[in-house]
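The values are calculated or read from the model by the stated rules, or taken from the named source; none is laboratory data. Here the structure is a predicted model, which means the values were calculated and not measured. Here the Cβ positions follow ideal geometry from the backbone for every residue, glycine too, while neighbour counts run over all protein chains shown.
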There are 2 protein chains.
Amino acid sequence: MKLHIEKKKLHLRHVWRIARGATEFKEYWFVRLEHEGISGFGEAAHNERYGESLDSIRDFLELARPLLAACTPHHFLPVKESIHALATGQDAAKAALDLALLDWVGKKYALPVHALFGLDPRTCPLSSYSIGIDSIEAVQQKVREAGDFPILKIKLGGEQDEETMRALREVTQKTVRVDANEGWHDRQLALEKIEWLAGLGVEFVEQPMPAGRLDDLIWLRQRSPLPLVADEDVKTA
Amino acid sequence: MKLHIEKKKLHLRHVWRIARGATEFKEYWFVRLEHEGISGFGEAAHNERYGESLDSIRDFLELARPLLAACTPHHFLPVKESIHALATGQDAAKAALDLALLDWVGKKYALPVHALFGLDPRTCPLSSYSIGIDSIEAVQQKVREAGDFPILKIKLGGEQDEETMRALREVTQKTVRVDANEGWHDRQLALEKIEWLAGLGVEFVEQPMPAGRLDDLIWLRQRSPLPLVADEDVKTA
C-alpha cells in the first residue's frame with residue numbers, strides 16, 4: 001500500500017488551556033494509506049512529554065514507508081506488529097498508522113470497526129466533550145456548544161477551580177468529569193478539592209496530582225470520596 | 001439467534017490408537033447457530049480427562065440457549081464473553097459455540113476468519129496429519145493417504161516405537177512430529193527415545209512424559225536434542 005503524509009495546522013475555535021499551558025492551534029501529521037483505490041485515514045496527535053515531536057513522527061512514518069509499500073492492509077495484524085517493532089515509543093505515529101489500516105479494512109468490507117471487532121457500540125463506554133480552562137463566559141459558551149454531548153469533561157487544576165465549577169453548574173446539570181492534569185501539588189489541597197467536587201455531581205477526577213507521586217496518590221485514593229483515574233501516570237496498558 | 005444441536009456418531013476409517021487407549025468411533029455434538037437465514041457451524045470434541053462428557057456438553061449448550069436466543073452474532077465478542085462466564089470449564093462446548101459464531105460472521109460478511117482477524121494465512125503455522133499407533137502395514141497405508149499433507153504427526157509412547165518409526169521412514173521423508181501422549185514413564189527412557197528420534201528428522205516431541213511431572217520435564221528439557229512441546233501439561237493459555 002502507498003503512504004501519503006501531510007502536516008496540517010488546525011486553528012482551534014477556542015484557546016485550549018489546561019493546568020500545564022495554553023495553545024491557539026495544533027499541528028498534526030495526517031496519514032492516508034492507499035490500496036486498491038481505497039484510502040484509510042489516520043492522524044498523529046503527538047505528545048512532547050513522551051519524546052514525540054512533529055519531526056519524530058515524520059521520521060517514524062518514513063521508516064515505515066518501505067514496509068508499508070511491501071504489504072497490503074488485508075493482513076492488518078502482522079502489518080501492525082511489524083510497524084510497531086520498527087522502534088520503541090513513537091506511539092502517536094503508530095496510532096496514526098493503526099487508525100488508517102483499520103479505516104481501510106472497514107471501508108473495504110463496508111464494516112464499521114466495532115462490527116469488525118464484534119463489539120456492541122451500545123455497551124461501549126461513552127466519551128466526553130472536553131472544556132479547557134477559560135473565562136466564566138467562555139466556559140458557559142462551550143457548555144452550550146456541547147449541547148449534543150451527554151457527558152462533559154472540565155479542566156481544573158488552578159486558582160479558579162471554584163468559579164469554573166460554579167459557572168458550569170449554572171448552565172448544566174449533565175454528568176461532569178474533572179481533569180486536574182497534575183494541577184494540585186499538595187495532597188491535602190487535592191483532597192479538599194475532591195471532597196468539594198463530590199458535592200457537585202462529579203463522576204470522577206483524573207490525574208489530580210503530578211505523575212510519579214505514587215505515595216501521594218495512594219494516600220489520596222484511601223480518602224477520596226470520588227473515583228480517581230490515572231492519565232499521565234499511565235503509559236502502558 | 002437460534003441454537004440447533006445434534007449428536008453425531010462418526011465411524012473412523014482406521015481404529016484410532018494412542019498411548020492411552022483405542023477407539024473405532026467418535027461421538028460429538030454438532031452445533032448450528034441460525035440468524036437472518038445464515039447458519040454458522042461448530043463441533044464439540046470433548047475430553048473426558050477434563051471433566052467433559054457428551055452429557056456435560058449438552059447441559060452447557062442448553063444453559064447457553066436462552067442467552068443465545070436473546071442476542072445476535074454481530075456482537076460476537078460480548079456474546080462469547082457472556083457464554084464463557086456461564087460456567088468454568090466445558091471448553092469443548094464453548095469452543096463449539098465460538099466456532100459457530102465466527103463461522104456465522106464469516107458467512108455474513110463473506111470473509112474467511114483469517115481475514116476477519118487480519119491474519120495472513122501464508123505465515124500461519126502449518127498443522128499436521130495425525131497417524132495413530134497401528135500395525136506397520138496400517139501406518140504405511142495412512143502415510144500414503146496423507147499424501148497432500150506436508151507434515152505428519154505420529155503417535156508413539158509404547159513398545160513398538162522403533163518399528164513404527166522405521167515403517168514411517170521407509171515410505172516418506174516428510175517432516176514428522178512425534179506425540180508420545182505421556183507414554184514414556186521413565187525420564188532416562190524418554191531421553192534415549194528422543195536422542196534416537198533426533199537422528200530421524202523429527203521436528204519436535206510432544207508430551208513425552210505423564211502430565212504433572214514438572215521436575216522430570218525440566219530434567220529432560222535440559223538434555224533433549226529436540227524441542228519438547230507440552231500438551232496434556234497445558235490447560236490454560
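Among the residues of region B:18-50, count how many are of a type in the set (G, A, S) and surrounded by fewer than 12 Cβ atoms within 10 Å (Cβ to Cβ).
Total meeting the criteria: 3.
Restricting attention to region A:195-212, which residues are under 22 Å from the mean Cα position of the chain (by Cα) and without any contact (Cβ under 8 Å) to a residue 24 or more places away in the chain?
From region A:195-212, those under 22 Å from the mean Cα position of the chain (by Cα) are A:202-212; that's our starting set.
Listed by number, the list holds a single entry, A:G212.
Here is a check on your reading of the model: is B:E43 over 30 Å from A:V113 (Cβ atoms), assigned to a strand (DSSP E or B), of a type outside the set (F, W, Y) and more than 14 Å from chain A (Cβ to nearest Cβ)? I'd like the intermediate steps shown before the answer.
On the way: over 30 Å from A:V113 (Cβ atoms): yes; assigned to a strand (DSSP E or B): yes; of a type outside the set (F, W, Y): yes; more than 14 Å from chain A (Cβ to nearest Cβ): yes.
The answer is yes for B:E43.
When you check A:E192 against the structure, is it over 18 Å from A:H14 (Cβ atoms) and under 23 Å from the mean Cα position of the chain (by Cα), yes or no?
On the way: over 18 Å from A:H14 (Cβ atoms): yes; under 23 Å from the mean Cα position of the chain (by Cα): no.
No: the conditions fail for A:E192.
Does region A:76-97 hold any residues that are in a helix (DSSP H, G or I) and buried (at least 19 other Cβ atoms within 10 Å of the Cβ), and which are they? Show your work before the answer.
Within region A:76-97, the subset in a helix (DSSP H, G or I) is A:76-84, A:91-97.
Of everything in region A:76-97, those that are in a helix (DSSP H, G or I) and buried (at least 19 other Cβ atoms within 10 Å of the Cβ) turn out to be A:F76, A:V79, A:I83, A:D91, A:A92, A:A93, A:K94, A:A96, A:L97.
When only residues in region A:116-136 that are within 14 Å of another protein chain (Cβ to nearest Cβ) and in a loop (DSSP other than H, G, I, E, B) count, which is nearest to A:M165 (Cα to Cα)? Steps first, please.
Within region A:116-136, the first condition is being within 14 Å of another protein chain (Cβ to nearest Cβ), and the residues that meet it are A:116-125.
Within this subset, residues satisfying the condition of being in a loop (DSSP other than H, G, I, E, B) are A:117-120, A:124-125.
Numbers: A:F117: 39, A:G118: 39, A:L119: 35, A:D120: 34, A:C124: 28, A:P125: 24 Å.
Out of the qualifying residues, it is A:P125.
Quick check on my filter: what residues within region A:100-125 are modelled with pLDDT of 95 or more and out of contact with any helix residue (DSSP H, G or I) (no Cβ under 9 Å at 6 or more places or on another chain)?
Once the filter is applied, which keeps residues that are modelled with pLDDT of 95 or more and out of contact with any helix residue (DSSP H, G or I) (no Cβ under 9 Å at 6 or more places or on another chain), region A:100-125 yields only A:K107.
Quick one: which of A:R49, A:R58, A:R32 is under 23 Å from A:T236 (Cα atoms), out of contact with any helix residue (DSSP H, G or I) (no Cβ under 6 Å at 6 or more places or on another chain) and either at pLDDT 95 or above or within 14 Å of chain B (Cβ to nearest Cβ) (or both)?
Values: A:R49 fails: either at pLDDT 95 or above or within 14 Å of chain B (Cβ to nearest Cβ) (or both); A:R32 fails: under 23 Å from A:T236 (Cα atoms).
Only one candidate passes the filter, namely A:R58.
Considering only residues that are away from chain B (no Cβ under 11 Å) and of a type outside the set (D, E, K, R), look in region A:99-111 and name the one that is nearest to the chain's Cα centre (by Cα).
So the residue we want is A:L99.
Of these, B:A96, B:A87, B:A92, B:A70, which one is more than 14 Å from every other protein chain (Cβ to nearest Cβ) and either hydroxyl-bearing (S, T, Y) or closer than 27 Å to A:V113 by Cα (or both)?
Numbers: B:A87 fails: either hydroxyl-bearing (S, T, Y) or closer than 27 Å to A:V113 by Cα (or both); B:A92 fails: either hydroxyl-bearing (S, T, Y) or closer than 27 Å to A:V113 by Cα (or both); B:A70 fails: more than 14 Å from every other protein chain (Cβ to nearest Cβ).
It is B:A96.
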